[in-house]
1. Let's test the formula: R0 of 25 Å, r as the Cβ-Cβ distance of residue 30 and residue 83. What FRET efficiency results, to the nearest 0.05?
2. When the helix-only estimate is applied to the chain (DSSP H runs of n ≥ 4, each -39,500 (n - 2.57), divided by the residue count), what is the mean residue ellipticity at 222 nm, nearest 500 deg cm²/dmol?
3. In the set (1) 35; (2) 16; (3) 44, which value of percent of Cα pairs over 26 Å apart was calculated from the structure you see?
4. By per-residue mean of other Cβ atoms within 10 Å, what is the highest-first order of 42-49, 112-119?
5. So for each of 98-108, 53-63, 76-86, 30-40 I average, over its residues, the number of other beta carbons within 10 Å; can you give me the resulting order with the highest mean first?
6. All other residues with a Cβ under 13 Å from the Cβ of residue 44 taken together, and with Lys, Arg as +1 and Asp, Glu as -1, what is their net charge?
7. Given H placed on each backbone N at 1.01 Å, which residues far from residue 83 in sequence or on other chains put an amide H within less than 5 Å of it?
8. As an exercise, use a Förster radius of 35 Å and the Cβ-Cβ distance of residue 9 and residue 73 to find the FRET efficiency, rounded to the nearest 0.05.
Amino acid sequence: MRRLSFLSCFVVFPCLLLAISVQAQSDDGVQKVGAFSAHRLWVTPYKEGELYGAGTYPNSSTCEEGLAAWTKRNRSIENTDIVAWYTLGFHHVLREEDWPVMPMMWHDFVIRPFHFFAQNPALDLPKEP
């Protein structure tokens, strides 16, 4: 039993500063295809085949699939399996080693549970192995 009345949840913590949409205009062609970048977090009901935030083939997209199109359908996420789509973008300072091909850049985030226990569950562990 929890002592506090907070709801149990998970919180997403970015480990670096994030970039969101690089396009200011929502009617821009690139932004329409990359509409997933307009928000950091999207939640959709699970549907087989919805695998990629920009749609299956973003280079030839008609903008009829992807997160922006799927969420326009306003499907319920209540009492169903959901998918949380976290947009992790970045800006970086260019290095000479990044030209002509950027070798790699690591980014990560942490999903941390909140308010699942009334106290730290490790406090009740036996003192002897």
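Read the figures in this text as sums done on the coordinates, not as results from a lab. Here the structure is a predicted model, which is why all the values come from computation and not from measurement. A quick note on method: Cβ atoms are made from the backbone with ideal geometry, for glycine too, and the neighbour counts reach across all protein chains shown.
1. It comes out at approximately 0.55.
2. Details: 2 runs with 11 residues, N = 129.
Counting only the DSSP helices, I get -2000 deg cm²/dmol.
3. Checked against the structure: label (3).
4. Top to bottom by mean Cβ count within 10 Å: 42-49, 112-119.
5. Values: 98-108: 8.3, 53-63: 14.2, 76-86: 10.9, 30-40: 18.3.
Descending packing order for the listed peptides: 30-40, 53-63, 76-86, 98-108.
6. Its environment carries a net charge of -1.
7. Amide H to amide H, under 5 Å and 5 or more residues apart or across chains, residue 83 pairs with 44, 46.
8. Numbers: r = 25 Å, r/R0 = 0.72.
So, using R0 = 35 Å, E works out to roughly 0.85.
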